[in-house]
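Participant: Below is the structure I would like to discuss, written out as structure tokens.
The values are calculated or read from the model by the stated rules, or taken from the named source; none is laboratory data. Please read these numbers as outputs of a predicted model, since none were measured by experiment. Backbone-built Cβ (ideal geometry, glycine too); neighbour counts: all protein chains shown. In case anyone asks, the SASA skips ligands and DNA or RNA and just uses the protein heavy atoms, side chains included. Shrake-Rupley method; radii C 1.70, N 1.55, O 1.52, S 1.80 Å.
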Amino acid sequence: MITLKGITKTYKSGEVSFQALCGVDLTIEAGEFVAIMGPSGSGKSTLLHILGMLDRPDGGSYNFSGKEIGQLPDDQLALLRNHLAGFVFQQFHLLARNTALVNTELPLIYGGNRHLKSRAVDKLRAVGLAHRMNNKPNQMSGGEQQRVAIARALVNEPLVIFADEPTGNLDTKSEADIMGVLQKLNTEGKTIIMVTHEQEIADLAKRIIRMRDGKIVKDERRELPVKAAVSSNGQDTLSPVDKILHGKETLKTAEFMDHLRQAVTAILGSKVRSALSMLGILIGVAAVIAMMGLGQGAKDDITSRLSSLGSNLLTLRSGSHNFRGVASEAGGAETKFTVEDADAIKKLGTVKSISPSSGGSGQLVAGNKNWRTRIRGVGVAYPAMHNAVPASGRFFNEDEEKRRVKVAVLGSTVAKELFGEADPLGHSIRINRIPFEVIGVLPSKGAGPGGMDQDDTVQVPYTTAMYRLFGKTNVDSIEVEVKEAGLIAKAKEDLTTLIVQRHKLSGETLNSFQIIDLSEIQQTVAGTTNTISLLLGCIAAISLLVGGIGIMNIMLVSVTERIREIGLRKAIGARRKDILIQFLIEAVVLTIT
């Protein structure tokens, strides 16, 4: 079954080298029960590890059932360990968080044989532990734990069982029980290779190999090996190694759900550490949500305030746009806009609606109360342009605008100051001693640019403001709503051409009016709020990153802490990707939770 020729193995620690095996030659037949003995440092454990494919020789040949396997890749060696070898360790190496049944099932999981889990139950019954299947290792005696280890070693029906000091940590009775189980297995045809220090244990084997200084110094065969069972199919010429490496087994892997169960078990096994790991991510996620929420809230607030200014709006005003508070290049000349200008602008193809404006301040009186506020004369299109449809009552209509009717729409602040909680609709107020009828109350808009109260205003028809209140013959400005955002540039060009032609402007007087594009202001403010949101998001993302690094560190500690567990899993057939997937699933479960 096994042939070793010239096997060498050297371990290095810094600059110091130690040769554990020196040209070992050994042949082991199927069905043998071999005990390997020797003093500490003689190389017996190293030889067992190489025989069990847990380690690689530096030199020499390792032939298993006619196949050279000494230098096979790690994944292929893992397959062979899973299907050909069963390991029984001195320290038992059972997973503390799992029951005896789950520990026994591990080789089935890594061999892709989860569907054969009833076999684990059978093996536990065979070693006399049917009543302890659901107990964890800390609920069992040393002898019972070693029986679980034997059941685990047998569950995949291996050809060889490797036992490293299987009775080293047991009392006399448990020692006798375990050796009885191993002898029974050998009688049934299992090949057993055992390392031991105790002569009375070695005497139970049928062949004793003694080692010293990395060499076999004595090989004593006491009984012929039990004939192992062979395939009855005479045409089956493939060795067990070839069947495993080239058969369906190479495609099998532990199922995701098995990895998930083990990951959840590991997480629940360290509740406090897992909770602290999740706390970092919780803080990071909460910070991201809070910061993004604050940024979005600020953006929405600013957007709602800007919406009161209207969208796709242009404002036509007198005076140069290059100078504020000083004489323009036109010698202080300003283009005065008329009602006729407004009518002409309304006919442009790019214009949706217009609202001429004429305003000033005024003293309001209602009963025994008075209030000084801004009076704005606007056009009938103003509510639609500025999202200012009255909260109660109505806005004036086109007929009232033409007839210069004395009607007023109050801001919510003015209504409260003059009428308190009473309904102002239908009541009469005096504006600069002229009586007006209250027909509506504007929606509340709160503070505007510069902290100005947008609700402290009264709106009347611009014709009424011009001719009845302030005695003006020109409008102060004309607000223009463009049909769509893409036409703003064309609308500005059309407006400029129209005003220049109507007022016969040339030379320096071309600079005597200005067109204010509110969309540019909105874009600037929106860009600023987006920058603030991005900044807040980046700050929050740092918190999330720190939380992620926390989980990474915890998983790194977990890997370091569970080196023995990882070694055990690899010994019973886990591949690198199986270990990697399990730890990744643990990290993902923590993060998602």
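Participant: Return the only residue of 535, 545 being among the aliphatic types (A, V, I, L, M), within 23 Å of the chain's Cα centre (by Cα), within 30 Å of residue 313 (Cβ to Cβ) and open to solvent by 70 Å² or more (accessible area, probe 1.4 Å).
Facilitator: Within the list 535, 545, the selection yields 535.
Participant: Still on this structure: Just a yes or no: is a residue in the range 137-158 under 24 Å from residue 46 (Cβ atoms) and either acidic (Asp, Glu) or without any contact (Cβ under 8 Å) to a residue 40 or more places away in the chain (or both)?
Facilitator: no
Participant: Shifting gears a bit: I need the full set of residues from the range 155-174 which are in a loop (DSSP other than H, G, I, E, B) and among the aliphatic types (A, V, I, L, M), in order please.
Facilitator: 155, 159, 170
Participant: Return the pairs, sorted by first residue and then second, in which the second residue is open to solvent by less than 10 Å² (accessible area, probe 1.4 Å) and among the β-branched types (Val, Ile, Thr), the first residue lies in the range 453-474 and is within 15 Å of residue 399 (Cα to Cα) and in a strand (DSSP E or B), the beta carbons are less than 9 Å apart, and the residues are 6+ apart or on different chains.
Facilitator: 460/375; 460/378; 460/407; 460/409; 460/431; 461/378; 461/407
Participant: Take the range 93-119 and flag every residue that is without any contact (Cβ under 8 Å) to a residue 60 or more places away in the chain and either in a loop (DSSP other than H, G, I, E, B) or closer than 17 Å to residue 244 by Cα (or both).
Facilitator: 94, 99, 108, 117, listed by residue number.
Participant: Then there is this: Based on this model, can you work out whether residue 122 counts as assigned to a helix (DSSP H, G or I), under 27 Å from residue 242 (Cα atoms) and open to solvent by 10 Å² or more (accessible area, probe 1.4 Å)?
Facilitator: So residue 122 does not fit the description; no.
Participant: Being open to solvent by less than 40 Å² (accessible area, probe 1.4 Å) and modelled with pLDDT under 90 is the filter here, so list the residues in the range 378-398 that pass it.
Facilitator: Listed by number, the residues that qualify are 385, 386, 388.
Participant: Oh, and also: With respect to residue 186, determine if the residue is touching a Phe, Trp or Tyr at 6+ places or on another chain (Cβ under 8 Å) and at pLDDT 90 or above.
Facilitator: When the stated conditions are applied, residue 186 passes them.
Participant: Within the range 399-433, how many residues are in contact with a Pro (Cβ under 7 Å, 6 or more places away or on another chain) and closer than 15 Å to residue 444 by Cα?
Facilitator: 3
Participant: Then there is this: Restricting attention to the range 510-526, and to residues there that are part of a helix (DSSP H, G or I) and open to solvent by 30 Å² or more (accessible area, probe 1.4 Å), which single residue is nearest to residue 91 (Cα to Cα)?
Facilitator: 526
Participant: Just to be sure I understand the filter: pairs with C-beta atoms under 8 Å, separated by 6 or more residues or on different chains, first member in the range 572-593 and within 25 Å of residue 85 (Cβ to Cβ) and open to solvent by 10 Å² or more (accessible area, probe 1.4 Å), second member at pLDDT below 90 and not in a helix (DSSP H, G or I). Which pairs pass?
Facilitator: Listed by first residue and then by second, the contacts come to 575/253; 577/253; 581/254.
Participant: Which condition from (1) among the hydroxyl-bearing types (Ser, Thr, Tyr); (2) open to solvent by 20 Å² or more (accessible area, probe 1.4 Å); (3) out of contact with any Lys or Arg (no Cβ under 7 Å at 6 or more places or on another chain); (4) more than 30 Å from residue 141 (Cα to Cα) is the one that residue 61 breaks?
Facilitator: Every condition holds for residue 61 apart from (3).
Participant: On the given criteria, is residue 414 assigned to a helix (DSSP H, G or I), open to solvent by less than 40 Å² (accessible area, probe 1.4 Å), in contact with a Ser or Thr (Cβ under 9 Å, 6 or more places away or on another chain) and among the aliphatic types (A, V, I, L, M)?
Facilitator: It is true that residue 414 is assigned to a helix (DSSP H, G or I), open to solvent by less than 40 Å² (accessible area, probe 1.4 Å), in contact with a Ser or Thr (Cβ under 9 Å, 6 or more places away or on another chain) and among the aliphatic types (A, V, I, L, M).
Participant: I would also like to ask the following. Applying the selection to the range 134-143, what residues are open to solvent by less than 40 Å² (accessible area, probe 1.4 Å) and either polar (S, T, N, Q) or within 19 Å of residue 86 (Cβ to Cβ) (or both)?
Facilitator: 135, 137, 143 - these are the residues of the range 134-143 that are open to solvent by less than 40 Å² (accessible area, probe 1.4 Å) and either polar (S, T, N, Q) or within 19 Å of residue 86 (Cβ to Cβ) (or both).
Participant: Need the failing condition index for residue 401 against (1) within 24 Å of residue 354 (Cα to Cα); (2) open to solvent by 30 Å² or more (accessible area, probe 1.4 Å); (3) touching a Ser or Thr at 6+ places or on another chain (Cβ under 6 Å), just the number.
Facilitator: (2)
Participant: Could you please tell me which pairs satisfy a Cβ distance under 7 Å, a separation of 6+ or placement on different chains, a first residue in the range 412-430 that is among the β-branched types (Val, Ile, Thr), and a second residue that is open to solvent by less than 30 Å² (accessible area, probe 1.4 Å) and assigned to a helix (DSSP H, G or I)?
Facilitator: Listed pairs, sorted by first residue: 429/418.
Participant: Here's something else I'd like to know. Report, ordered by the first and then the second residue, all pairs with beta carbons closer than 7 Å, sequence separation of six or more or different chains, a first member in the range 481-507 that is open to solvent by 70 Å² or more (accessible area, probe 1.4 Å), and a second member that is part of a helix (DSSP H, G or I).
Facilitator: Short answer, once both residue conditions are applied: 502/341; 502/344.
Participant: Evaluate the range 426-440: report whether one residue or more is over 22 Å from residue 469 (Cα atoms) and open to solvent by less than 70 Å² (accessible area, probe 1.4 Å).
Facilitator: Looking for residues that are over 22 Å from residue 469 (Cα atoms) and open to solvent by less than 70 Å² (accessible area, probe 1.4 Å), one finds none in the range 426-440, hence no.
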